[in-house]
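Participant: The structure that follows is given in the form of structure tokens.
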Amino acid sequence: MGSDVIPHRHAVAVHLDLQRSRHTPEPNVPRPRPTRRSRTAPDGNTFATTTNPDKRAAWFGSPAGASAASGLPVEPYPGVLDHVMGNGVEAVYGAGVGGGSLVFGSFTPVPRRQDFEHIFPAAADYAQLAQTYFPRAKAGLGVSPLPADILAHPKYVGARSWLKVIERYGASPHFFDFAIDWDIVRDELAGRATPSVTAGELSYGVNSGAKKSLDRSYLLAAERTGNVTVKPMHEVFDIRPRSRRAGFVVTARVLDEQGRTVRTVTTEADHLFMAAGSFHTTRLLVEARAQGRLPRLSPRIGDGFGVNGDFLTIRTNPREDFGAVQGGPGYARIYEDNLPGGPVSMVYQATPLPAPLGKAATTHLVQAHTDERGTIDYDHRTRRAQLNYPHPADRNDLDRRSNAFIKRFHERTEGRFGFAANGTHVSSRALGFGSASTYHGLGGVVMGAAADADGGIRGYDNLGVVDGSFVPGAVGLVNPALTITALAERTMDRFLATH
């Protein structure tokens, strides 16, 4: 049986026995936001860059997160970053075929067992993931560690300097893999490819083609079977049960690059797997439940939205040389397990500043355990779902614990040696740092609540979830891509075992 993948910004996967699509009249709907497909061009100019954002940077609007602080106008266009302005937090998502993998930092760490089990229910079974599904996800994504020859290159002095800072703090570095084609990075260093990863440019896509995004791994493998068709520029807006037999009717708008609806298409599926990213998967379901199209969905749909404990900080005026241009994606995580309230982690991310400004600052993602969660709720006034995160800046546990850690980090690495003016931290929400935004919004269709441990969405036997909405708000002090992939692999194994 053939199958289609109809993206809704990221992807809503409609699997197994799709019927032929039929056209319907254009509905009266708000401006849509579908996905588009970006293939790396030979001229090395497929994507915008952080230092020179243009219309390709954002989904019909201005750049998200810290890049928005420039205030530069951006021509509306179906670009790669979609930002959801919630009440209390901004959640940033990849908008394209490949979803978040287009715009993430390519970090693919495995969470420590104690951190994972602090968050997930016992049914998540870390041991099984470690034995089978983390390795399978690594293979599927094609991940590998930063090679020694690249680490030794002058453009990677920042990564080496970070190890010196870690040693001064008194911690041990934890190394992990990246979804990066290092041979293309070598081409960048040799001048044979557009400097991208080697300049810390990953947030809007990688112009050299070195990022192993999902359109180059899982989606490409699926297409090569001949049983899958990926349909860019389709926005799913309606899901409802079939009337005469099990399955679903899914309706999408087909759009042009000006955001105009060309037509709508409707298709049918025996089994439907949601993969639109945590907010959009949950939004579709919250709206379908509230509007009576999927009334049997759990009342817990929309609960458990978290920011993965993310807290972004900038270290300014570092003593070490981090390079005029910082080679990326980043390097080495540390854990601090001796803090009140539980452990905290910190990782170095290459900062895409133009030369010679790379010497002036370094970027770090701090992650802390927190029970703070938000909800995705139906707004009866607008008839749309809304992200609500009721944890104000500087009065929430994440900010409190993260700020306490970075103060400790600065004292142990600089202050006690008489260098209080070096390595100072900037974490202002006004500049897009701190906990103002997250690229790792998780939850909404959480296992053990709105979904079962096998990825089935409660209320409908043939409805499943394979994205970050399945995760209970955090994965455990690391970037979530590998964990989401491993859980999706297991969900599909369990589905196939019973179908």
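Quick note: the coordinates plus some simple rules give every number you see, no bench work behind them. All values derive from a computational prediction rather than experimental measurement. Cβ coordinates were reconstructed from backbone atoms using ideal geometry, including for glycine residues, and neighbour counts include every protein chain displayed.
Participant: At 0.36 nm per residue, minus the direct Cα-Cα distance, what do Glu411 and His174 gain on full extension? Give it in nm, one decimal, please.
Facilitator: Using 0.36 nm per residue and subtracting the Cα-Cα distance, I get 83.2 nm.
Participant: For Lys164, give me every one of the lysines with a C-alpha distance below 24 angstrom, ignoring sequence neighbours fewer than eight places off in its own chain.
Facilitator: Partners found: Lys155, Lys359, Lys407.
Participant: Report, in degrees rounded to the nearest 10, the 0 to 90 angle that the Cα long axis of helix 481-498 makes with the longest principal axis of the chain.
Facilitator: Between helix and principal axis, roughly 30 degrees.
Participant: List the relative contact order of the chain as a percent without decimals, with contacts defined as Cα pairs under 8 Å and 6+ residues apart.
Facilitator: Numbers: 1220 pairs, mean separation 108.5, N = 499.
That works out to 22 percent.
Participant: Using helices alone, what [θ] at 222 nm do you get for the chain, with -39,500 (n - 2.57) per DSSP H run of 4 or more residues, divided over all residues and rounded to the nearest 500? Before the final figure, lay out the partial values.
Facilitator: Values: 9 runs with 95 residues, N = 499.
It lands at -5500 deg cm²/dmol.
Participant: Arg192 to Arg300: FRET efficiency via 1/(1 + (r/R0)^6), r the Cβ-Cβ distance, R0 60 Å, to the nearest 0.05? List each step's numbers first, then the result.
Facilitator: Working: r = 52 Å, r/R0 = 0.87.
My answer for the efficiency is 0.70.
Participant: Tell me, what is the FRET efficiency for Ala130 and Thr266 to the nearest 0.05, using R0 = 56 angstrom and their Cβ-Cβ distance as r?
Facilitator: Working: r = 42 Å, r/R0 = 0.75.
E(calc), rounded to 0.05, equals 0.85.
Participant: At what distance in nm do the modelled label points of Arg383 and Met492 sit from each other, each positioned 7 Å from its Cα along Cα→Cβ?
Facilitator: Using points 7 Å along Cα→Cβ, the separation is 3.6 nm.
Participant: Moving on. At what distance in nm do the modelled label points of Glu257 and Thr51 sit from each other, each positioned 7 Å from its Cα along Cα→Cβ?
Facilitator: With each label point 7 Å from Cα toward Cβ, the separation is 2.6 nm.
Participant: With loop defined by DSSP as not H, G, I, E or B, and exposure as at most 13 other Cβ atoms within 10 Å, which is the longest segment of the chain clear of exposed trypsin sites (Lys or Arg not before Pro)? Don't jump to the answer; show the numbers that get you there.
Facilitator: Details: sites that count: Arg20, Arg39, Arg192, Arg244, Arg245, Arg260, Arg296, Arg381, Arg383, Arg395.
Result, exposed sites excluded: 40-191.
Participant: Moving on to the next point. Under a cut-off of 17 Å between alpha-carbon atoms, report the lysines in cross-link reach of Lys212, not counting same-chain residues fewer than 8 places apart.
Facilitator: Within reach: Lys138.
Participant: Given H placed 1.01 Å from N in the peptide plane, which residues other than close sequence neighbours of Ala451 have an amide H under 5 Å from its amide H?
Facilitator: Val446, Arg458
Participant: State, to one decimal in nm, how far the label point of Thr225 lies from the label point of Ala404, with both points 7 Å from Cα in the Cβ direction.
Facilitator: The two pseudo-label positions are separated by 4.8 nm.
Participant: If you don't mind, there's one more thing I want to ask. Explain nothing, just compute: Karplus ³J(HN,Hα) = 6.51 cos²θ - 1.76 cosθ + 1.60, θ = phi - 60°, for every residue of region 404-421 in order, whole Hz, x for Gly and Pro.
Facilitator: 5, 5, 5, 5, 5, 4, 5, 5, 6, 9, 10, x, 6, 9, x, 10, 4, 7
Participant: Now, a different point. Once you have the Cα-Cα distance between Ala360 and Asn87, take 0.36 nm times their residue separation minus that, and quote the gain in nm to one decimal.
Facilitator: Numbers: separation 273, 0.36 × 273 = 98.28 nm, distance 3.32 nm.
95.0 nm is the gain from fully extending Ala360 to Asn87.
Participant: Picking from Gly434, His369, Leu272, whose Cα lies most toward the positive end of the charge dipole for the chain (charges on Cβ: Lys, Arg +1; Asp, Glu -1)?
Facilitator: Leu272
Participant: What is region 347-499's relative contact order, in percent, from Cα pairs under 8 angstrom and six or more apart in sequence? Display every interim value, and only then the final one.
Facilitator: Details: 154 pairs, mean separation 22.5, N = 153.
About 15 percent, as a whole number.
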